[in-house]
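Enquirer: One structure, as structure tokens, below. Some questions next.
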Amino acid sequence: IIFYEFYIYYKKSRHVEYLKEKEIKRQNEELEKARDFQMNMLPSQSPAILNLDITTHIQTANEVGGDYYDFFPQDDGSMYVVCGDATGHGLNAGMMVSITKAGLYGSNFDTPSNTTTRLNRTIKAIDLGTTRMSLNMAKFHNGSFDFTSAGMPPAYLFRDKSGTVDEILVPGLPLGSMKKADFDLHSFDLSSKDVLVLISDGLPECVNHDGEMLDYEAVKNCIENNGKK
């Protein structure tokens, strides 16, 4: 009898363990599909426009991250560049990226600040709880660019002539925080061989094997030391 009861207990335990493993496998497959979907929303190649040399890189720490970048060439020869980061990770962050991309594709691009204002209203109306989208947006045209920010880390502008780096930090709430939010607009000249670097906080917040964070100063120094390469 004791042996029979032990056998029944063992069979039940194995069945519960099997169901757990099956559920974990299902969740992992769903997250992998969500990750593939998110990566497919990013541009497959950088546009050739305005004599700009454009390079991008993204590496997610989780199956589904919130980082997003995109390019929107305009009929007048200008181009909008977007670098964003949804708060958190997982499916909500992936959904926020999807909403952002859809909102931008349906947008009337006039200035980065107005475009960001309209996008903010769209994201706020959909309401993904506490999930927000931080965003930097730049419009390149005629040897200059206009720039606005919604809660993103600074952009870095390397000046080839002086070999120095200007930190561009524009205050602004992440998209979806408040329905009536305003976003400042700043303009910058862009000379030949100048470099503009847009990042998410995933770069400065990277840690090494000792748990030490890279931090923003190291990012700025790296750009300054390598800007002419």
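Enquirer: So how many residues does the stretch 76-89 have that are in contact (Cβ under 8 Å) with a residue 40 or more places away in the chain, assigned to a loop (DSSP other than H, G, I, E, B) and open to solvent by 10 Å² or more (accessible area, probe 1.4 Å)?
Expert: Total satisfying the criteria: 4.
Enquirer: Residues that are surrounded by 12 or more Cβ atoms within 10 Å (Cβ to Cβ), at pLDDT below 70 and either outside any strand (DSSP E or B) or not charged (D, E, K, R) (or both): does the stretch 49-58 have at least one?
Expert: No; the residues of the stretch 49-58 include none that is surrounded by 12 or more Cβ atoms within 10 Å (Cβ to Cβ), at pLDDT below 70 and either outside any strand (DSSP E or B) or not charged (D, E, K, R) (or both).
Enquirer: Find the residue count for the stretch 183-229, including only residues that are part of a loop (DSSP other than H, G, I, E, B) and not aromatic (Phe, Trp, Tyr).
Expert: Counting residues in the stretch 183-229 that are part of a loop (DSSP other than H, G, I, E, B) and not aromatic (Phe, Trp, Tyr) gives 26.
Enquirer: Just a yes or no: is a residue in the stretch 68-91 touching a His at 6+ places or on another chain (Cβ under 9 Å) and among the polar types (S, T, N, Q)?
Expert: yes
Enquirer: Would you pick out the residues in the stretch 179-229 that are surrounded by 13 or more Cβ atoms within 10 Å (Cβ to Cβ) and basic (Lys, Arg)?
Expert: Matches in the stretch 179-229: Lys220 only.
Enquirer: Any residue at all in the stretch 203-216 that's β-branched (Val, Ile, Thr) and either closer than 29 Å to Asp75 by Cα or touching a residue at least 40 places away in the same chain (Cβ under 8 Å) (or both)?
Expert: Scanning the stretch 203-216 turns up no residue that is β-branched (Val, Ile, Thr) and either closer than 29 Å to Asp75 by Cα or touching a residue at least 40 places away in the same chain (Cβ under 8 Å) (or both).
Enquirer: Determine, yes or no, whether Asn120 is modelled with pLDDT of 95 or more, in a helix (DSSP H, G or I) and crowded, with 19+ Cβ neighbours inside 10 Å.
Expert: So Asn120 fits the description; yes.
Enquirer: Just for the stretch 149-166: of the residues that are within 30 Å of Arg121 (Cα to Cα) and in contact with a strand residue (DSSP E or B) (Cβ under 6 Å, 6 or more places away or on another chain), which one is surrounded by the most Cβ atoms within 10 Å (Cβ to Cβ)?
Expert: Applying the filter and picking the extreme gives Ser149.
Enquirer: What's the number of the condition Glu205 fails, among (1) closer than 15 Å to Met152 by Cα; (2) modelled with pLDDT of 95 or more?
Expert: With respect to (1) closer than 15 Å to Met152 by Cα; (2) modelled with pLDDT of 95 or more, Glu205 is out only on (2).
Enquirer: Being hydrophobic (A, V, I, L, M, F, W, C), farther than 20 Å from Ile123 by Cα and surrounded by 17 or more Cβ atoms within 10 Å (Cβ to Cβ): is that true of Leu169 here?
Expert: no
Enquirer: Tell me which residues, restricted to the stretch 190-202, are of a type in the set (A, V, I, L, M) and touching a residue at least 40 places away in the same chain (Cβ under 8 Å).
Expert: Selection gives Leu190, Leu196, Val197, Leu198, Ile199.
Enquirer: For the stretch 130-140, state whether one or more residues are in contact with a helix residue (DSSP H, G or I) (Cβ under 8 Å, 6 or more places away or on another chain), open to solvent by 30 Å² or more (accessible area, probe 1.4 Å) and over 30 Å from Glu224 (Cα atoms).
Expert: Yes, the conditions are met somewhere in the stretch 130-140.
The values are calculated or read from the model by the stated rules, or taken from the named source; none is laboratory data. Being a predicted model, the structure only gives us computed values, none of them experimental. Every residue, glycine as well, gets a Cβ built from its backbone with ideal geometry; the counts of neighbours run over all protein chains shown. Just the protein is used for accessible areas: all its heavy atoms, side chains included, with ligands, DNA and RNA removed. Shrake-Rupley method; radii C 1.70, N 1.55, O 1.52, S 1.80 Å.
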